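All remarks here apply to the structure that follows.
FYI, it's all coordinate maths here, none of it is from the lab. What you are looking at is a predicted structure, and each value in this text was computed from that prediction instead of being measured. Ideal geometry is used to build each Cβ from the backbone, glycine not excepted, and the neighbour counts take in all protein chains shown.
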């Protein structure tokens, strides 16, 4: 649950004046490359995409307008990119950014400047307007 740790550390570093929340992680993903290991559970790309879109739509209906999707698995970053793009196309006032834990921002390339400027947003951390 690396992505949960990244989300937790990011939330802990935000000023208390910024209302940000973490939702429970999706513990299943697209893992066909691991099917040769007994017991591997995987979702199809379509199922994962629809799951991400339905969660994002639920957050949108609840009033959230920024979403940072944090990916902790190498087999699905493109699906998160598609989900974020689709949400931005559906709702012009919705900012969605896919983020990979393997590319954790530093002070120099921080996503917070982009997020606060309204550029983009990602899975796992939702921010109310």
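Quick notes on this structure:
- Condition met for residue 63 (at positive phi and touching a strand residue (DSSP E or B) at 6+ places or on another chain (Cβ under 8 Å)): yes
- Residue ID - surrounded by the most Cβ atoms within 10 Å (Cβ to Cβ), chosen from residues in the stretch 59-82 that are touching a residue at least 40 places away in the same chain (Cβ under 8 Å) and in a helix (DSSP H, G or I): 80
- Residue list for the stretch 1-58, restricted to those being under 13 Å from residue 80 (Cα atoms), within 14 Å of the chain's Cα centre (by Cα) and crowded, with 16+ Cβ neighbours inside 10 Å: 26, 29, 48, 49, 51, 52, 53, 55, 56
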